[in-house]
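Trainee: After the structure tokens below, expect a handful of questions from me.
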Amino acid sequence: MSRDPFAGKANRLTQLSRSVLASDTTGEVDNNTWQTIAEDCVLTRIDTIRILGGLPLHQEPLSQGDRRARLKALLGYWANGCPFVVDESLFADILRRRRLKPAG
């Protein structure tokens, strides 16, 4: 048994982040498809961590440009071996748009 149960997941996250970033720079996918793939990566990571105190779901949604820049920055950290970096505003934005359903 590993002393660090996250070690395997961290390695997979690093590899996934690198491949998502590479797909953007090689032009293999269009912008919308890249964003969906990148957000899927973030959602996968959200499912593996506990965020104490919740996320700032009350904030305004991020602009398309800001969202893309934050996705690239976050995936860059993860791809370079920093799997514990969290962008709470980005996480909240993605969850609000992709998982949370409006009340009513």
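Trainee: Out of the range 77-98, which residues are at pLDDT below 90, part of a helix (DSSP H, G or I) and closer than 21 Å to Ser23 by Cα?
Mentor: Passing the criteria: Trp78, Ala79.
Trainee: Here's a check for you: in the range 45-66, which residue that is modelled with pLDDT under 85 and polar (S, T, N, Q) is nearest to Ser17 (Cα to Cα)?
Mentor: Here the residue is Thr48.
Trainee: Please identify the pairs in which a residue from the range 89-104 that is exposed (fewer than 10 other Cβ atoms within 10 Å of the Cβ) has its Cβ atom under 8 Å from the Cβ atom of a residue that is at pLDDT below 85, counting only partners at least 6 apart or on another chain.
Mentor: Correct list of pairs: empty, since none qualify.
Residues checked against (1) surrounded by 13 or more Cβ atoms within 10 Å (Cβ to Cβ); (2) hydrophobic (A, V, I, L, M, F, W, C); (3) at pLDDT 85 or above:
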site	(1), (2), (3)
Ser2	no, no, no
Arg18	yes, no, no
Glu39	yes, no, yes
Arg68	yes, no, yes
Leu74	yes, yes, yes
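Trainee: Starting from residues that are loosely packed, with under 12 Cβ neighbours inside 10 Å and not charged (D, E, K, R), keep the ones in the range 20-32 and report whichever is modelled with the lowest pLDDT.
Mentor: Out of the qualifying residues, it is Thr26.
The values are calculated or read from the model by the stated rules, or taken from the named source; none is laboratory data. Remember, predicted model here, so these are calculated numbers, not experimental data. Every residue, glycine among them, receives a Cβ derived from its backbone with ideal geometry; neighbour counts consider all protein chains shown.
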